[in-house]
Amino acid sequence: MKAARSLCVALLALLTALSAGAAVGVGARPVSGAEILLDGSRALLDAKWTYWEGPRFGSALPIKWRIVPDPVDGGTVVQTDDPAAAGGKYGAADIITRKAYRDFRLHVEFLVNNPGGNSGVYLQNRYEIQICDGDRTKHGMGAVINETESPYAHYAGLGHWNAYDIVFRAARFKDGQRIAPAQVTMYFNGVKVHHNQTINQVWGGPNSGLDGGNDGGKGITDVPGPLKLQCEGHDVRYRNVWIKELDLGAADTDFTD
């Protein structure tokens, strides 16, 4: 019994060390070479982000999202609060990074403040990793939307901070034709929930992001895209968002640090 308990303690220590080494989960610090995209300040929000002016865009600069108190740890965070998106009108006031990306590692922390709160993290403004309180379907929390099941069991719940850690490889093309789909590995609150998951199309139509209106979302184009955070008229808050550009040769999105 004592030997078994010692083994359990050793395994727990090893898992903790591996998690810390991978720098994943709530509070993970930017890895070497990462760019900080959101730190809870108005200055960085305005410097690094703008609106996505898609077909349903209904807001106007400056960004109307608010800087509000962090309800858990103090300080300030960014809230998806824009009148243009009232009633769940996605695409009306979504924000995108001013810079476009190809392959990358991404860390995003979010807090859903009210039941049913809905937002989303869009890789290249194409592929959505869903944020939706209460939704356990393939359209739900933590899902590569409509392509995987929701890893809902790892959601910390309302009023708590959650973290997505993602390595993303963009679709590959040859002579203008897609030869490999986009691919993603993701940790949700420190637990690996998607591993080398392929992403076959953009879902949600032209209001959802780049290429959403091309061939029913299957007409992916060979151009990099920005990170997008979705506004659907709900109180969802973001902090500690950072990204590191990568150049992934092999079709492998597993974490290396």
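The values are calculated or read from the model by the stated rules, or taken from the named source; none is laboratory data. All figures in this text were calculated on a predicted structure; none of them were measured in a lab. Don't worry about glycine lacking a Cβ; one is built from the backbone with ideal geometry, like all the others, and counts go over all protein chains shown. Side chains included, ligands, DNA and RNA excluded: accessible areas come from the protein's heavy atoms. Shrake-Rupley method; radii C 1.70, N 1.55, O 1.52, S 1.80 Å.
On the protein heavy atoms, probe 1.4 angstrom, tell me the percent of accessible surface of the chain carried by carbon and sulfur. Please list the in-between numbers first.
Working: 6110 of 11170 Å².
Here carbon and sulfur together make up 55 percent of the probe-accessible area.
Straight Cα distances below 20 angstrom link Lys174 to the lysines Lys218, with same-chain residues fewer than 8 positions distant left out. Dividing the helix sum by the residues of the chain, where each DSSP H run of 4 or more adds -39500 (n - 2.57), gives a mean residue ellipticity at 222 nm of -3500 deg cm²/dmol. Just so you know, the Cα atoms of the range 35-161 work out to an Rg and Dmax of 14.5, 38 Å. The lysines within cross-link reach of Lys192, meaning a Cα-to-Cα straight distance under 21 Å and a gap of 8 or more places when in the same chain, are Lys138, Lys244.
Compactness check for the range 157-257: Cα Rg over 2.2 N^0.38 Å is 1.20. With the whole protein complex present, Asp82 retains an accessible surface near 10 Å², based on a 1.4 Å probe.
Around the Cα centre of the chain, unit charges on the Cβ atoms of Lys, Arg, Asp and Glu (plus for the first two, minus for the last two) sum to a dipole of about 240 debye.
Please list Trp203, Trp242, Trp52 from largest to smallest accessible area, probe radius 1.4 Å, with all protein chains kept in place. Could the numbers behind the result be given before it?
Numbers: Trp203 95, Trp242 0, Trp52 30 Å².
Correct descending sequence by accessible area is Trp203, Trp52, Trp242.
Rounded to the nearest 20 debye, what is the charge dipole size of the range 30-99 about its Cα centre when +1 sits on each Lys and Arg Cβ and -1 on each Asp and Glu Cβ?
Numbers: 8 positive and 9 negative charges, 53 e Å.
Dipole of the range 30-99, to the nearest 20 debye: 260 debye.
What does the convex hull of the Cα atoms of the chain come to per residue, in Å³, rounded to a whole number? Before the final figure, lay out each step's value.
Working: hull volume 35.0 nm³, N = 257.
Roughly 136 Å³ of hull volume per residue.
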